[in-house]
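So the structure is just underneath, and the comments pick up after that.
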Amino acid sequence: MPAQVSSVKIRDVNIKLHRVGRGPTVLFLHGANGLPQWLPFFDAIADGFEVLVPEHPGFGGSDDPAWIRNIPDLAMFYLDFIEEMGLERFHLIGHSLGGWLAAEIAIRDRSRLLSLTLMSAAGIRVKGLPSGDLFIWGPEETVRNVYYDQALADQVLAIKPTEEQLDILLKNRFTATKFGWQPRWLNPDLEKWLHRLKLPTLVVWGREDKIFPHQYADLWIERLPSARLLMVEKCGHAPHTEKAGEVIPAVRAFLKEAAR
């Protein structure tokens with residue numbers, strides 16, 4: 001189903017917002033690669049839910065304000081977004097950098113949240129087990145390290161971006177570097193506040209994730225008060241795309257259960 005695309009102004013920042021479906025609201029926060037394409041995952045979740053997918057400030061078609069300097073700033077921006085959009089009792093899903101962002105939002109104010117879904121989330125670190133270094137890998141190496149299924153990686157690499165798409169990819173990479181460079185994909189203060197996330201939480205992870213190894217999922221489960229784990233076998237860093245057939249029904253069932 002086609003998504004409605006609009007520009008929403010929050011304070012002095014215009015952001016591009018994709019909206020699809022009807023029903024209880026699901027706010028999806030994308031990862032460090034931005035929103036390069038509309039995913040079947042969104043359409044599947046939109047069957048029974050209203051799905052909002054904003055492009056974060058600094059990514060894609062959104063403004064890049066100088067005052068948003070780090071993920072905590074971005075989390076505070078999204079609290080303004082939630083208030084301005086009038087979101088009440090909604091579900092929050094975040095992937096990778098977006099998972100980190102979702103956790104940062106929720107530790108600050110969980111009062112409107114029905115549930116939290118973290119997929120391959122950045123933001124914390126397992127001691128002695130470093131994350132993959134996206135800033136050192138080349139473009140092809142990055143794609144191949146995102147996916148366990150190399151046939152899928154071949155399909156992604158075969159797509160030749162337009163000049164406009166290349167400009168967006170460069171913009172996205174610059175913003176991702178701003179948020180994730182130092183320390184690498186980490187807020188050292190986040191882990192100590194995860195006990196505040198007393199709400200239904202689903203942690204989704206690929207067993208073969210080369211960016212954040214699957215042991216990171218165990219740490220999230222250990223720190224979150226009400227979390228369950230979906231470990232996806234033979235899957236890399238993007239379980240909602242690489243193993244959509246397994247992840248979509250699990251996420252939909254979780255959202256429906258959490259809404260009761």
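A few remarks follow.
- Reciprocal of mean inverse Cα separation for region 23-94 (Kirkwood radius, Å): 13.2 Å
- For region 1-135, convex hull of alpha carbons as volume per residue, Å³: 118 Å³
- Region 86-153: translational diffusion in µm²/s, Stokes-Einstein, Kirkwood Rh over Cα pairs, 37 °C, 0.692 mPa s: 234 µm²/s
- Per residue, the convex hull around the alpha carbon atoms of the chain comes to 121 Å³.
- Taking the helices alone, the chain has a mean residue ellipticity at 222 nm of -11000 deg cm²/dmol, built from -39,500 (n - 2.57) per DSSP H run of at least 4 residues and averaged over all its residues.
- At the listed q of 0.18, 0.20, 0.21, 0.32 Å⁻¹, the Debye profile of region 1-43, built from one uniform point per Cα, gives log10 I(q)/I(0) equal to -0.63, -0.78, -0.85, -1.34.
- Portion, in percent, of the accessible area of region 4-92 that falls on carbon or sulfur, probe 1.4 Å: 45 percent
- For the chain, the solvent-accessible area of protein heavy atoms averages 46 Å² per residue (probe radius 1.4 Å; ligands and nucleic acids excluded).
- Residues whose amide H falls under 5 Å from that of residue 14, counting only those 5 or more places apart or on a different chain, are 63, with hydrogens built in the peptide plane.
- Zone residues, region 25-39, relative to residue 169, backbone N less than 14 Å from point 7 Å out along Cα-to-Cβ: 33-37
- Near the amide H of residue 121, within less than 5 Å, lie the amide hydrogens of 96, all on another chain or at least 5 residues away, with H placed in the peptide plane.
- Surface composition of region 214-260: carbon and sulfur make up 48 percent of the accessible area, probe 1.4 Å.
- Packing-based ranking, highest mean first, of 97-109, 18-30 given that Cβ atoms within 10 Å are counted: 97-109, 18-30
- Computed from backbone phi, the HN-Hα couplings of region 52-65 come to 10, 10, x, 8, 4, x, x, 10, x, x, 9, 5, 10, x Hz, rounded to whole numbers (Karplus: 6.51 cos²θ - 1.76 cosθ + 1.60, θ = phi - 60°; Gly and Pro given as x).
- Karplus-derived HN-Hα couplings along region 190-205 (A = 6.51, B = -1.76, C = 1.60, θ = phi - 60°), whole Hz, x at Gly and Pro: 5, 4, 6, 9, 5, 4, 6, 7, 8, 7, x, 9, 10, 9, 10, 8
The values are calculated or read from the model by the stated rules, or taken from the named source; none is laboratory data. None of these values were measured; they are calculated from a predicted model. FYI the Cβ positions are ideal-geometry reconstructions off the backbone, even for glycines, and counts take in every protein chain you see. For the accessible areas, the whole protein counts, side chains as well, though only heavy atoms, and no ligand, DNA or RNA atoms are used. Shrake-Rupley method; radii C 1.70, N 1.55, O 1.52, S 1.80 Å.
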